[in-house]
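Peer 1: The structure that follows is given in the form of structure tokens.
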Amino acid sequence: MDPLMPSLPTLLVLRALEQDPAHGYRIVRWIDEQSAGVLTMKEGTLYPLLHLLERKGLMTGNWQKNGTERATRIYTLTNAGRHHLNQERQDWGRRAEIVRTVLSGEEVANGLV
């Protein structure tokens, strides 16, 4: 993801978990499906991020067996994660408005900065 948007991967992962707990592959698929393939996340980005978000207390991960011999780590959003997601949504709304303004050639209003 672009350095101008360092919180975008976090925002997408937390949003993916907002409705239901999920494993890493399901999170990646959800992001891909919701963005019609425009936003993609590779495993090398996802799994370190999942571990970081878990250490920060924004989600929990638990190993579960799902009928196969392999256990799957299922991630669940915590209350702190929901709060962080809501803050990030507001911040991203503001960022999106600023980018729209800059790209349109309009002057950025003082209240947006």
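The values are calculated or read from the model by the stated rules, or taken from the named source; none is laboratory data. What you see is a predicted model; the values in this text were computed from it and never measured. In this analysis, Cβ positions are derived from the backbone assuming ideal geometry, glycine residues included, and neighbour counts consider all displayed protein chains.
Peer 1: What pairs come up if the first residue lies in region 79-103 and is under 10 Å from LEU11 (Cα atoms), the second is among the acidic types (Asp, Glu) and in a helix (DSSP H, G or I), and their beta carbons are under 8 Å apart, counting only those six or more places apart or on different chains?
Peer 2: Note: pairs meeting the criteria are LEU85/GLU18.
Peer 1: Also, I was wondering about something else. For residues in region 61-113 being more than 23 Å from VAL28 (Cα to Cα) and more than 25 Å from the chain's Cα centre (by Cα), which is modelled with the lowest pLDDT?
Peer 2: Selected residue: GLY111.
Peer 1: Mind checking which pairs have a first residue in region 54-73 that is surrounded by 10 or more Cβ atoms within 10 Å (Cβ to Cβ) and a second that is assigned to a loop (DSSP other than H, G, I, E, B), Cβ under 8 Å, 6 or more apart or different chains?
Peer 2: Matching pairs, first to second residue: GLY57/THR78; LEU58/THR78; MET59/THR78; THR60/THR78; THR72/HIS23; THR72/ASN66; ARG73/HIS23.
Peer 1: Can you list residue pairs whose Cβ atoms sit under 7 Å apart, with the first residue in region 11-30 being under 13 Å from GLU54 (Cα atoms) and the second being in a loop (DSSP other than H, G, I, E, B) and aliphatic (A, V, I, L, M)? Count only pairs 6 or more apart in sequence or on different chains.
Peer 2: LEU14/LEU58
Peer 1: Sticking with this structure for a sec: Examine region 3-14 for a residue that is loosely packed, with under 13 Cβ neighbours inside 10 Å and hydroxyl-bearing (Ser, Thr, Tyr), and state whether such a residue exists.
Peer 2: Within region 3-14 (the criterion being loosely packed, with under 13 Cβ neighbours inside 10 Å and hydroxyl-bearing (Ser, Thr, Tyr)), the answer is no, since none of the residues qualifies.
Peer 1: List the number of the failed condition for MET41; all other conditions in (1) over 14 Å from the mean Cα position of the chain (by Cα); (2) surrounded by 13 or more Cβ atoms within 10 Å (Cβ to Cβ) hold.
Peer 2: Here MET41 meets the rest and fails (1).
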